[in-house]
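Taking it in order: structure first as structure tokens, then the write-up.
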Amino acid sequence: MQNPALSVVVPVFNERDNVAPLIAEIVAALRGVVPFEIVYVDDHSRDDTLTILQSLKASTPELRVLQHVTQSGQSTAVRTGVKAARGAWIATLDGDGQNDPADLPKLLTARDAADPLVKLFAGWRVDRKDSGSKRWASKYANAIRARMLQDDTPDTGCGTKLFEREAFLDLPYFDHMHRYLPALMQRAGWKTISVPVNHRPRSTGVSKYNNLQRALVGIRDLRGVAWLIVRSKRTAVREL
């Protein structure tokens, strides 16, 4: 395949019943719109997610499948996919089917109309389909994050994102960094835009996180990102 213009990166862990429907939706949303590839990163699933993905390659020529030898987490899986991607721009989706691939053309349209300094288009779940406790916890966490990081982003937890590959790979890497991409992109000197997107209930499988896990990890990471921002230094460069 000639290098695609867009690489859709999808991290998965134990999502055997979601991979085939989601891949079909990605194909339906993007074929004829933009040359693309789909890069699935299996984070060492314990079910037969990987077997199903391998079987789908025969009917989906755009599909590539990578596997982590050991379970490494969502941020590492996203970074693995981005590093392997051949497109100059990356779209990400969560593997649980709650993100809607039909939103990807909308993000591409927003990119084409935006300032070239905008390197991240972040999905904004304006009508979340999660449980009440998860929505409350996210609202509280978003308020704290916005106050500390001043990233002007209403929803950093949405898996639907579009960003420039080169800009992403220039960011500092750490576990759970995918939750702080707007702040990290802004720290690097780029602009970000939030785009309203669809959100769907999980139809099968189970969530890999609970509210307590998110809170404990989030407090530590938030302090770290705030430190990175304070210690950041940028300067223009010219060649003589």
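What follows is calculated from the coordinates using simple rules that are stated; it is not laboratory data. Predicted model, so just to flag it, every value in this text is computed and none were measured. All Cβ positions, glycine included, derive from the backbone under ideal geometry; neighbour counts span all protein chains shown.
Taking a point 7 Å from the Cα of Val230 along the Cα-to-Cβ direction, the residues of the stretch 145-172 with backbone N closer than 13 Å to it are 148-149. For the stretch 227-240, the Karplus equation 6.51 cos²θ - 1.76 cosθ + 1.60, evaluated at θ = phi - 60°, returns couplings of 5, 4, 5, 4, 8, 6, 9, 10, 8, 6, 10, 10, 9, 9 Hz by residue, with Gly and Pro reported as x. Residues whose amide H comes within less than 5 Å of that of Asp94, counting only those at least five positions distant or on another chain, are Asn99, Gly159, Thr160 (H built at 1.01 Å from N in the peptide plane).
Across the stretch 2-7, coupling constants 3J(HN,Hα) worked out from phi with the 6.51/-1.76/1.60 Karplus curve, θ = phi - 60°, read 5, 3, x, 7, 9, 10 Hz, and Gly and Pro carry x. Magnitude of the charge dipole for the chain, about its Cα centre and with charges confined to Cβ atoms of Lys, Arg (+1) and Asp, Glu (-1), is about 820 debye. The sum of -39500 (n - 2.57) across all DSSP H runs of n ≥ 4, divided by the residue count of the chain, sets its helix-only mean residue ellipticity at 222 nm to -11500 deg cm²/dmol.
Of all the Cα-Cα pairs you can form in the chain, what percent are over 24 Å apart? The share of Cα pairs beyond 24 Å in the chain comes to 44 percent. Largest GNM mean-square fluctuation across Val12, Val39, Val225, computed for the chain with C-alpha springs under 10 Å, falls on Val225.
Springs join every pair of Cα atoms under 10 Å in this Gaussian network model of the chain, and among Val230, Val118, Val78 the largest mean-square fluctuation is at Val230. Taking amide H as placed 1.01 Å from N in the peptide plane, Ser45 has its amide H under 5 Å from the amide H of Asn14, each at least 5 places away in sequence or on another chain.
Under the shape rule built on the C-alpha gyration tensor, where the axes satisfy a ≥ b ≥ c, the stretch 61-176 is rounded, since a/c falls short of 1.5. As a rough footprinting exposure proxy, the listed residues Val65, Val9 were ranked by other beta carbons within 10 Å of their own, and the order from fewest upward is Val65, Val9.
Taking all Cα pairs closer than 8 Å and separated by 6 or more residues, the relative contact order of the chain comes to 23 percent. Note that the stretch 29-46 has calculated 3J(HN,Hα) couplings of 6, 10, 4, x, 9, 7, x, 9, 10, 10, 10, 8, 10, 7, 8, 6, 4, 9 Hz, one per residue in order, obtained from phi through the Karplus relation 6.51 cos²θ - 1.76 cosθ + 1.60 (θ = phi - 60°); glycine and proline are x. Looking only at the chain, where both bridge partners belong to it, what percent of the DSSP beta bridges are antiparallel (to the nearest 5)? Antiparallel: roughly 25 percent of the beta bridges in the chain.
Close amide-amide hydrogen proximity is noted between Trp89 and Ser7, Arg165, each under 5 Å apart and 5 or more residues distant or on a separate chain (H modeled in the peptide plane; Pro and chain starts excluded).
Comparing mean-square fluctuations of Glu25, Glu15, Glu62 from a GNM of the chain with C-alpha springs under 10 Å, the top value falls on Glu25.
The alpha carbons of the stretch 47-111 stretch over 36, 27, 25 Å along the principal axes, in descending order.
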